[in-house]
Amino acid sequence: MLEKLKLWNNKKTTTGTIFTKEEVLSKTIPKHIAIIMDGNGRWAKKRALPRVAGHHEGMKVVRRITRLANELGIEVLTLYAFSTENWKRPKTEVDYLMKLPEEFLGTFLPELIEENVQVQTIGNRKEIPLHTRNAIERAMKDTAQNNGLILNFALNYGSRDEIVQAVKKIADDVKSGLLDHHEINEETIEKCLMTSHIQDPDLLIRTSGEIRLSNFMLWQLAYTEFWFTDVLWPDFSEEEFLRAIGEFQHRGRRFGGV
Ligand code: FPP
């Protein structure tokens, strides 16, 4: 009992306005929400559990937040699941993270198909283990006909790497005469990014109290509203997600205008 109480007290939630689903639905819903899901390791450490236990709990949160995002009519939910820098982690942790998409999709894919969700990814899929790639590509194929929420996993994704690839492609096109360098503009670059088919995020959420971008969607976040919370990703609740959207709905976006 005491142990349970301790765990409860450890669960850090932010205070602030509570927004109901109905309140949030009565205002403009952000079309694209991107999330840096941070704090899994710290969540596990607080409970004297291995770090991977935090990732496993985090996976369950992905399920709940995807359901809610779909119910709210959000068009794109981009989740930073594995960065190009995450390969530096211990092999056991990397191996575990690479197994999570299989576990997640193994149980959740039928619901995603049923609920009209499309699974997509950004990042370099070629470098991830075959078993992970197969699970993801099967889910992409099985949900390709859906036209509801795009559940977009950033997997082996790094924004600088994405920009380097875009610059190389543009340089190739100029060299081969397909493109005049005077014609290069923002649209040229956007078309070469991995997000060319989706709009920029309206709202970025980062959990765990870290206030940085960690090489995530550097180009795409130019006019995005940021929302940071101290809550660790495994503790991130539907209430917290509604709070982020509710607060977003009270901000004035000017996109550089007045
Ligand atoms: C950062 O927390 C989190 C990650 C690098 C992995 C995120 C992955 C999930 C939430 C599960 C994804 C699920 C699917 C279905 C792909 P951290 O480990 O850096 O936390 P710390 O800063 O507290 O150590």
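The values are calculated or read from the model by the stated rules, or taken from the named source; none is laboratory data. As the structure is a computational prediction, the values presented were derived from the model and not from experiment. Here Cβ is always computed from backbone atoms with ideal geometry, including for glycine, and neighbour counts include all displayed protein chains. Areas reflect the complete protein model, heavy atoms only, side chains present, ligands, DNA and RNA absent. Shrake-Rupley method; radii C 1.70, N 1.55, O 1.52, S 1.80 Å.
Residues in region 69-88: is at least one over 24 Å from ARG212 (Cα atoms), within 12 Å of the ligand (Cβ to nearest atom) and within 19 Å of the chain's Cα centre (by Cα)?
Checking region 69-88: not a single residue is over 24 Å from ARG212 (Cα atoms), within 12 Å of the ligand (Cβ to nearest atom) and within 19 Å of the chain's Cα centre (by Cα).
Quick check: is even one residue across region 174-182 over 30 Å from ILE113 (Cα atoms), within 16 Å of the ligand (Cβ to nearest atom) and not hydroxyl-bearing (Ser, Thr, Tyr)?
no
Out of ILE74, ILE122, ILE29, ILE65, which single residue is in contact with a His (Cβ under 8 Å, 6 or more places away or on another chain), within 21 Å of THR224 (Cα to Cα) and open to solvent by less than 40 Å² (accessible area, probe 1.4 Å)?
The conditions single out ILE74.
Regarding LEU193, is this residue of a type in the set (A, V, I, L, M), surrounded by 18 or more Cβ atoms within 10 Å (Cβ to Cβ), touching a strand residue (DSSP E or B) at 6+ places or on another chain (Cβ under 6 Å) and modelled with pLDDT of 95 or more?
Criteria not met by LEU193.
Restricting to region 41-59, name every residue that is near the ligand (Cβ under 9 Å from one of its atoms), under 20 Å from THR229 (Cβ atoms) and open to solvent by 20 Å² or more (accessible area, probe 1.4 Å).
Of everything in region 41-59, those that are near the ligand (Cβ under 9 Å from one of its atoms), under 20 Å from THR229 (Cβ atoms) and open to solvent by 20 Å² or more (accessible area, probe 1.4 Å) turn out to be ARG42, TRP43, LYS45, GLU57.
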